[in-house]
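The block underneath contains the structure these notes are about, expressed in structure tokens.
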Amino acid sequence: MIDLLTVLEAVKTQFEADTTLSAYVEKVDFAFDDLEVDTNGMHPSINIMVYDVMTGPPPGQGMRDYVRYTIPLIIGYTTRDKLRKTALYGSTTKKGAWQLFNDIIDAINVDKTFGINGILNNIFHPEYTTDAYKHIDGSEWIGKGLMVYELYYDEWQR
């Protein structure tokens with residue numbers, strides 16, 4: 001079976017190496033606490049998690065000796081600004097949640113396998129949602145989004 005920590009580290013490394021993201025994202029990590037990000041003002045941020053790895057037979061003839069692992073990457077992202085509109089849509093001087101979403105997509109498209117041998121180079125159609133909420137102290141808006149990107153890994157079972 002594929003090591004999930006290896007997957008998380010590879011995704012984190014690819015995001016940190018991306019010149020667009022590294023120019024303005026404060027924190028890229030996995031499974032960190034959103035309150036930590038809010039309290040310490042680490043915006044924009046990207047939070048990488050994995051939930052509910054599924055297994056089953058891969059599609060196609062001649063694949064009966066393989067098992068397919070479906071690894072759903074949950075990628076959370078946040079921005080922050082005094083204006084809700086800027087937290088979501090950005091401005092001429094600051095990127096919002098939608099620009100961060102697009103930059104994450106671009107970073108994934110550099111290498112959809114994240115450099116992991118055996119990860120299938122799948123077509124990228126993430127499920128996603130983005131919105132904004134008022135910070136706990138009421139002073140700023142937090143633009144926040146979540147996308148699900150599935151990775152596939154086929155393993156020989158004989």
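Compare the peptides 69-81, 46-58, 89-101 by average per-residue count of other Cβ atoms within 10 angstrom and give them in order, highest first. Intermediate results must be reported in sequence, preceding the final value.
Details: 69-81: 20.7, 46-58: 14.6, 89-101: 17.8.
Result, highest mean Cβ count within 10 Å first: 69-81, 89-101, 46-58.
So how far apart, in nm, are the two label points at Leu4 and Lys85 if each is 7 Å from Cα heading toward Cβ?
The two pseudo-label positions are separated by 4.2 nm.
Under 5 Å between amide H atoms, partner at least 5 residues away or on a different chain: which partners does Leu151 have, H built in plane at 1.01 Å?
Under 5 Å from the amide H of Leu151: Ile71, Leu73.
How much length would be gained if the chain were fully extended between Met42 and Glu155, taking 0.36 nm per residue of separation minus their Cα-Cα distance, in nm to one decimal?
Here the answer is 36.8 nm.
Give, in nm to one decimal, the length gained when the segment between Asp52 and Ala23 is fully stretched (0.36 nm per residue of separation minus the Cα-Cα distance). Provide the component values of the computation, followed by the final result.
Details: separation 29, 0.36 × 29 = 10.44 nm, distance 3.23 nm.
Length gained, Asp52 through Ala23: 7.2 nm.
Could you list, in their original order, any pairs among Lys12/Lys85; Lys85/Lys112; Lys12/Lys82; Lys112/Lys134; Lys95/Lys134; Lys82/Lys112 whose Cα atoms are separated by more than 25 Å? Intermediate results must be reported in sequence, preceding the final value.
Numbers: Lys12/Lys85 28 Å; Lys85/Lys112 31 Å; Lys12/Lys82 28 Å; Lys112/Lys134 34 Å; Lys95/Lys134 18 Å; Lys82/Lys112 35 Å.
Pairs exceeding the cut-off: Lys12/Lys85; Lys85/Lys112; Lys12/Lys82; Lys112/Lys134; Lys82/Lys112.
Below 8 Å, C-alpha to C-alpha, sequence gap of six or more: please give me the relative contact order for the chain in percent.
Over the chain, the number comes to 25 percent.
State to the nearest 20 debye the size of the charge dipole of the chain about its Cα centre, where the only charges are +1 on K and R beta carbons and -1 on D and E beta carbons. Write out the running numbers ahead of the final one.
On the way: 14 positive and 23 negative charges, 91 e Å.
Here the chain has a charge dipole of around 440 debye.
For the chain, what does the helix formula give at 222 nm: sum of -39500 (n - 2.57) over DSSP H segments with n ≥ 4, over the residue count, nearest 500 deg cm²/dmol?
Computed mean residue ellipticity for the chain: -8000 deg cm²/dmol.
A short reminder: the numbers here are calculations on the coordinates, not readings from a lab. Small disclaimer: the values here were computed from a predicted structure and weren't measured. Glycine also receives a Cβ, built like all others from the backbone with ideal geometry; neighbour counts cover every protein chain displayed.
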